[in-house]
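A.B. asks: Let me give you the structure first, and then I'll get to my questions.
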Amino acid sequence: MLALATVLTAADPRPAPELVIKAANGQEQLLSKFRGKVVALEFLLTTCPHCQKASQTMQKLYKELGPQGFQPVGVAINDMANMLINDYSKQFNLTYPIGYANRDVATQFLQHPIMMSMLMPQVVIIDRKGVIRHQFPGGDKFFENEEKNMRDVVLPLLKAGAATPAPAAPKKPAAAAGAAKSAK
């Protein structure tokens, strides 16, 4: 079953849809703000030990590779995440943006089948052009040696050079799409 989940959630390269990430103070930030950088987007649960480890790995790489254009972004999707993300950042000394979104937004962004359990964390690697190049669901072998594996996927994308125009992403942000569905 795990192998099936990996196959279904690891989509071919595709433009990253817009994603609205909310900060603890309620301010919104768009994922597209980071276009031109190699983004490691982690959908996480603040209480998940595997997510905490992935966040710490991304912090280590951010210190080292940030000047080359590496940008981690954390998006907590657990209940009451808005009240938990500041403590999460402080507890693990995270200096990159950590925000929150609801689980439906994450499911839609990840193109994750709604009838399957979502193992955490979910890590998406987005190139400088705004194209999703890699997607790793929790439980994937990627996390067995995540620092090495993250380097292996991020370094070639960093070397790919400066940003060029990205393929057009869907016009509706993931958060807006989720709100539209619930308004029906």
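A.B. asks: Looking at region 99-150, which of its residues are in a helix (DSSP H, G or I) and within 22 Å of ASN78 (Cβ to Cβ)?
C.D. replies: Applying the first criterion (in a helix (DSSP H, G or I)) to region 99-150 yields 103-110, 141-150.
Within region 99-150, ARG103, ASP104, VAL105, ALA106, THR107, GLN108, PHE109, LEU110, PHE142, PHE143, GLU146 meet the criteria.
A.B. asks: Sticking with this one: Can you list residue pairs whose Cβ atoms sit under 7 Å apart, with the first residue in region 113-125 being closer than 20 Å to ALA16 by Cβ and the second being in a loop (DSSP other than H, G, I, E, B) and open to solvent by less than 40 Å² (accessible area, probe 1.4 Å)? Count only pairs 6 or more apart in sequence or on different chains.
C.D. replies: Within 7 Å, the pairs are MET118/HIS112; MET120/LEU45; MET120/CYS48; MET120/GLY138; PRO121/CYS48; PRO121/GLY138; GLN122/PRO137; GLN122/GLY138.
A.B. asks: So, TYR100, is that one open to solvent by 40 Å² or more (accessible area, probe 1.4 Å) and of a type in the set (Phe, Trp, Tyr) or not? Outline the logic, then answer.
C.D. replies: Working: open to solvent by 40 Å² or more (accessible area, probe 1.4 Å): yes; of a type in the set (Phe, Trp, Tyr): yes.
The answer is yes for TYR100.
A.B. asks: Okay, moving on. Quick check on region 60-77. Is at least one of its residues in a helix (DSSP H, G or I), open to solvent by less than 10 Å² (accessible area, probe 1.4 Å) and of a type in the set (A, V, I, L, M, F, W, C)?
C.D. replies: Residues of region 60-77 in a helix (DSSP H, G or I): 60-68.
Now drop any that are not open to solvent by less than 10 Å² (accessible area, probe 1.4 Å), which leaves 61, 65.
So of that shortlist, the ones also of a type in the set (A, V, I, L, M, F, W, C) come out as 61, 65.
The answer is yes, given that some residue of region 60-77 is in a helix (DSSP H, G or I), open to solvent by less than 10 Å² (accessible area, probe 1.4 Å) and of a type in the set (A, V, I, L, M, F, W, C).
A.B. asks: Another one. Quick one: count up the residues across region 16-59 that are of a type in the set (Asp, Glu), part of a loop (DSSP other than H, G, I, E, B) and open to solvent by less than 10 Å² (accessible area, probe 1.4 Å).
C.D. replies: 0
A.B. asks: Moving on. Determine the pairs where a residue that is touching a residue at least 60 places away in the same chain (Cβ under 8 Å), located within region 133-150, has a partner that is among the hydrophobic types (A, V, I, L, M, F, W, C) and open to solvent by 40 Å² or more (accessible area, probe 1.4 Å) with Cβ atoms under 7 Å apart, the partner being 6 or more residues away or on another chain.
C.D. replies: The qualifying pairs are GLN135/ALA10; PRO137/LEU119; GLY138/LEU119; GLY139/LEU2; GLY139/LEU119.
A.B. asks: So in region 82-98, with the set limited to residues that are of a type outside the set (Phe, Trp, Tyr) and outside any helix (DSSP H, G or I), which one is farthest from GLU28 (Cα to Cα)? Full working, then the answer.
C.D. replies: So in region 82-98, the residues of a type outside the set (Phe, Trp, Tyr) come out as 82-87, 89-91, 93-95, 97-98.
Next cut, outside any helix (DSSP H, G or I) only: 93-95, 97-98.
Working: ASN93: 22, LEU94: 19, THR95: 18, PRO97: 12, ILE98: 12 Å.
The selected residue is ASN93.
A.B. asks: Now a separate question. Return yes or no: is MET83 at pLDDT below 95 and surrounded by fewer than 18 Cβ atoms within 10 Å (Cβ to Cβ)? Show your work before the answer.
C.D. replies: Values: at pLDDT below 95: no; surrounded by fewer than 18 Cβ atoms within 10 Å (Cβ to Cβ): yes.
Considered against the rule, which asks whether it is at pLDDT below 95 and surrounded by fewer than 18 Cβ atoms within 10 Å (Cβ to Cβ), MET83 comes out as no.
The values are calculated or read from the model by the stated rules, or taken from the named source; none is laboratory data. Computed from a prediction, not measured in an experiment: that's the story for all the values here. Quick reminder, even Gly has a Cβ in these numbers, built from the backbone with ideal geometry, and neighbours come from all protein chains shown. To get the accessible areas, we keep the full protein, side chains included, count just its heavy atoms, and leave off ligands, DNA and RNA. Shrake-Rupley method; radii C 1.70, N 1.55, O 1.52, S 1.80 Å.
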